[in-house]
1. Out of curiosity, is A:Ala374 over 21 Å from the mean Cα position of the chain (by Cα), at pLDDT 95 or above, more than 24 Å from A:Leu257 (Cα to Cα) and of a type outside the set (Val, Ile, Thr)?
2. Filter region A:184-211 down to the residues that are within 21 Å of the chain's Cα centre (by Cα) and not in a helix (DSSP H, G or I), then identify the one that is nearest to A:Lys83 (Cα to Cα).
3. C:Ile334 passes all but one of (1) hydrophobic (A, V, I, L, M, F, W, C); (2) part of a helix (DSSP H, G or I); (3) within 23 Å of the chain's Cα centre (by Cα); which number fails?
4. Please go through region B:69-96 and pick out each residue that is over 20 Å from B:Thr286 (Cα atoms) and within 7 Å of chain A (Cβ to nearest Cβ).
5. Could you please find all residues in region A:255-310 being touching a strand residue (DSSP E or B) at 6+ places or on another chain (Cβ under 9 Å) and closer than 30 Å to A:Gly362 by Cα?
6. For B:Asn342, are the conditions met, namely being in a helix (DSSP H, G or I) and either closer than 21 Å to B:Glu244 by Cα or of a type outside the set (Asp, Glu) (or both)?
Amino acid sequence: MPSSFTTNMRLKFPILAISLEILIIILFAVFVAYKDSTHDDHKQASNDTSTISSVRFSQLYPMFQDVHVMIFIGFGFLMTFLKRYGFSSVGINMLLAALGLQWGILVQGFWHLHHGKIEIDILKMINADFSTATVLISFGAVLGKTSPVQLLIMTILEITVFAMNEHLVVEVLQAKDVGASMIIHAFGAYFGLAVARILYRPGLKNGHDNEGSVYHSDLFAMIGTIFLWMFWPSFNSAIADEGEDQYRAVVNTYFSLAACVVAAYAISSFVEHKGKLDMVHIQNATLAGGVAVGTCADMNIGPFGAMLIGLVAGIISTVGFKFLTPILASKLCIQDTCGVHNLHGMPGILGGIAGIVAVAMGAKVGGSYLMQAAALTSSVSIAIVGGTITGFILRLPFWGLPPDQNCYDDSIYWEVPEEEEENEEGLAHGEHSNNKAEV
Amino acid sequence: MPSSFTTNMRLKFPILAISLEILIIILFAVFVAYKDSTHDDHKQASNDTSTISSVRFSQLYPMFQDVHVMIFIGFGFLMTFLKRYGFSSVGINMLLAALGLQWGILVQGFWHLHHGKIEIDILKMINADFSTATVLISFGAVLGKTSPVQLLIMTILEITVFAMNEHLVVEVLQAKDVGASMIIHAFGAYFGLAVARILYRPGLKNGHDNEGSVYHSDLFAMIGTIFLWMFWPSFNSAIADEGEDQYRAVVNTYFSLAACVVAAYAISSFVEHKGKLDMVHIQNATLAGGVAVGTCADMNIGPFGAMLIGLVAGIISTVGFKFLTPILASKLCIQDTCGVHNLHGMPGILGGIAGIVAVAMGAKVGGSYLMQAAALTSSVSIAIVGGTITGFILRLPFWGLPPDQNCYDDSIYWEVPEEEEENEEGLAHGEHSNNKAEV
Amino acid sequence: MPSSFTTNMRLKFPILAISLEILIIILFAVFVAYKDSTHDDHKQASNDTSTISSVRFSQLYPMFQDVHVMIFIGFGFLMTFLKRYGFSSVGINMLLAALGLQWGILVQGFWHLHHGKIEIDILKMINADFSTATVLISFGAVLGKTSPVQLLIMTILEITVFAMNEHLVVEVLQAKDVGASMIIHAFGAYFGLAVARILYRPGLKNGHDNEGSVYHSDLFAMIGTIFLWMFWPSFNSAIADEGEDQYRAVVNTYFSLAACVVAAYAISSFVEHKGKLDMVHIQNATLAGGVAVGTCADMNIGPFGAMLIGLVAGIISTVGFKFLTPILASKLCIQDTCGVHNLHGMPGILGGIAGIVAVAMGAKVGGSYLMQAAALTSSVSIAIVGGTITGFILRLPFWGLPPDQNCYDDSIYWEVPEEEEENEEGLAHGEHSNNKAEV
């Protein structure tokens, strides 16, 4: 057994995790502070500032919690569809998001220091949660084929690159992307696909016994799907400007998602054997409308415009799952476990293009369609480059990469409960092959 | 095999769904607009209108999201209790609600055009979600015995009839029903029971192998129960007048539900074999307090009054599940899969009666107990007539109705994952009989 | 079979439950009223009072709902990890919380009568939910080894004692405990552990077949874990003073929890066999940061201070699960089913100590470290005394205590669905031994 398959995490995982946490705490001690109203630049203009800020906090806090639910329940349970990988899906999702949000505060905050400090407010917390979404999307592409150590490293690297691209898009290019179709969804998807390309496993070309769902794992996944679906209006509107913009972002996302659901069901039935619905499509393509309407969520595109975007997103996402994912795997050597290309990649690009068109048609005051196009190009390009480099780093032989036969199996990194007696023989057998893999 | 059992959905389902969606998008393009503050009639009176409206949006948005969770998670998972019908329960629930809320915006909005437009605001979105609740309640009555095509048709018809009855009750009769005991719960229940009556299946008189739960399906259902239970105060107060009324609606619902839980547990134990608790009662009757307190939620009935309503609702609902449901099936030929008569029907009528009494006792300024009685009568009558007509339409032989032996079984309309090897033989057998049914 | 094992609940449970509910409704009729703005003492000062109060209601309502989710979904599902005790975990949790919140309104409200009435407002509802948390924590210590009747009694007794200690700590000692590390977490844990000590079962010294999880029960438990984790900032800030204090309570809890997750994962891997992660640690120790930062949540401890507290809490909680729980059981005869000592006990004490230190260092204006120390001492002592007395009451032989062999098994108090055919023989056997136990 080659040393690259030393999957025992006993030392490397705890040491890396605790070291990162201590490093982060030190950086927080030096750079992070509460928002201090006595330093507030607007204070001079009005003595109501603290009240207004407090009202804004109360207004945004429920949206922050909705986003929080999307990150921890939504992404976490969406990935529990695999029959033997639920612990990792929801558990490692939690770990990466908890680490990532701390790191996100730092790398996003370094662009916006205030008297040398990163001052925490509710928007920074929302953005920190957002930054973890990129990693969780990429996690979907490599789900079941990576070790916790690899994923910790990916979290740190990807959020760092994300913060740079976000700064470029939002501050330098001044592009509009309120719901982050480009800077989160397309970025996270292509970053993850690039990593998956570098970590390509020829041994899984013909699939894997564990790469499928069981009845109840599909129901667990629906918990993730539905919480993501419901709270997407909060995701797309949380950092919008108060008032009209935020209102439009909620309304557009609500209707885009509703239209997307109908489209995804219709196309799923249309492309499947005997017109049956496929859970993979329902769990994922129903959400594409939220991704695709992101960039223009706060723009004046009309409710029916949002619905058209949702309709198209639902169609291309479902078709992608059915026809494109197999081609990506066989022709481009990209094994995309959760089909993030169909849920985040293509709909993210669709969102970016819709944003270019909408801005060109004057749907957003102060927008420039050239800058929108530059933002889309930048997000996808930087993601691919960043993901490729990250992939090579993750391919180094000492990160505890699982061997092919142990992919999609929690028991290599988790204590898994013994099942009922009738299955024990089979499991003991599986356990045995695991043991061999753990040198 | 008769043609009425042509359950292949490949063409009819996608064509119907996409056609409806395109029709809706066209109607949205013509009739639906953002709320435009420059058209606002109150604008002249105050230049603070947009700010006030924005504040109201922020205040109601969390309640809207609570209602959203009730519709998509609550109703969806509540129905996952069946052992082999979880995909349909949560998945078709999502489809019907996503379609229904779009249709609800239109048919509710046509009564309230503003400069020829339906102007979307947060209250319209809450009401759109509400309108879908009627369909989801009716869905419970016919769960497992209808095709997705039938259910799409029921969604369009029922929401249309609901919008007419709602207009009659709220605008014409000026009756009070803030938590919609009458116009949603009683309406949805009796509509669904009428449909179930027309679709009566003598072949299921002696039950069906799949008409029961397994251990984990009952736990999935509890996710639905508890989210419904927790957020019911939002449901009953979301459209109440700001201030005292909304506050009372929250408080009354909170206490009614708490008392209802204790009553449902007590009676469940009392009527069951050896004093054991029955999951069917716990999943459903614990919610009857929310239904029954709906009409008087914002009235001055006192917290103890709300608790009395909850107590009675919990008792009659549990007793209904135990003794009335079997009688409905055997004597009245109404096979009520989820027992919506016990959760929404009787408690909805109880709520209507409580409203009549409360208004007669002066608990609501401006209310008339005669109008309350008319509203209750109207809601139940129109539901029964509407449901009966809908039932006859759904009985037409080309909607893909499942044959008796495939009822309560996802695999007729869904790709269902193969189970572990030891069960494969049994499932392959089941699959075979499915195949026979699909001509 | 001794009479103490008469587990038939048919009469004693319904009679006790309904009697308690009727008693509570009568007390509500006499003592509980809506908040009446015309009685408001501040009314004279400003005619904006009702508006302000309404705004405050809207601001706190989402936090109230977050706490509600923690109580009913969070605690309920967290305990579903046991393979055959999910109905009781989530179901009895719901019952105890619904009863407890009504009782909590009364026993907390008697300290704050207003014109002879308990006037309900959103803070009282939040505090009522809080009071049930103590019972749900204690429930975790005795999970699987108590009857519903015993638990109803424990609910009434524990919340009564809690309300006395809370009054002592908050009003008499004027100690600070905004997130209730001491008065809820440490109190609930040591109360429950004292009960568990008195109800010690030597027959379970060597464990029990049902005292473990299966794969999907661990996933259900993660639903509880993650909702608790996400909404903990609401728990710790809901009753904080508006503005800076509430803001700090959210921020500190957010970061403490994030640091705690990384620590819990790291230590779980470090102490487990081959570096594998253990679901028990992930489900529980990830939350210890929320418990431990409770007392100083609204204090000026800095985000990095909060993270240090979370880091330490995650470490001691995980270590406690691994090494301390077995010692408690074998040496101190305390069988702590859910390990509440590790999640609520030690982190609660850590929180109390952190509060003493923080107040001593001036992190809270008006705080006294001596009073903090007195509050911690009082909370733990009163909990142990109250729990011991409660334990002796619960040990009386007529409360339907389950015999050892039926512990951790829903089927003794619940109708449990029959499983698939291949298991039926085994279950029928189990059913038989149950039947024997039920005289």
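1. yes
2. Going through the qualifying residues, I end up with A:Glu211.
3. (2)
4. Scanning region B:69-96 gives B:Gly86, B:Phe87, B:Val90, B:Gly91, B:Met94, B:Leu95.
5. A:Phe255, A:Asn300, A:Gly302, A:Pro303, A:Phe304
6. yes
Residue by residue, here is whether (1) of a type in the set (A, V, I, L, M, F, W, C); (2) farther than 21 Å from B:Ala186 by Cβ holds:
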{"residue": "B:Met346", "(1), (2)": "yes, no"}
{"residue": "B:Val359", "(1), (2)": "yes, no"}
{"residue": "B:Gly362", "(1), (2)": "no, yes"}
{"residue": "B:Ile384", "(1), (2)": "yes, no"}
{"residue": "B:Leu401", "(1), (2)": "yes, yes"}
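Residue-wise test of (1) in contact with a Ser or Thr (Cβ under 9 Å, 6 or more places away or on another chain); (2) of a type in the set (Gly, Ala, Ser); (3) farther than 17 Å from C:Val340 by Cβ.
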site: C:Ala141; (1), (2), (3): yes, yes, no
site: C:Thr146; (1), (2), (3): no, no, no
site: C:Thr155; (1), (2), (3): yes, no, no
site: C:Thr160; (1), (2), (3): no, no, yes
site: C:Ala180; (1), (2), (3): yes, yes, no
site: C:Lys205; (1), (2), (3): yes, no, yes
site: C:Asp209; (1), (2), (3): no, no, yes
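The values are calculated or read from the model by the stated rules, or taken from the named source; none is laboratory data. Quick caveat, the model's predicted, so the values are computed rather than measured. No Cβ is skipped: glycine too gets one built from the backbone with ideal geometry, and neighbour counts run over all protein chains shown.
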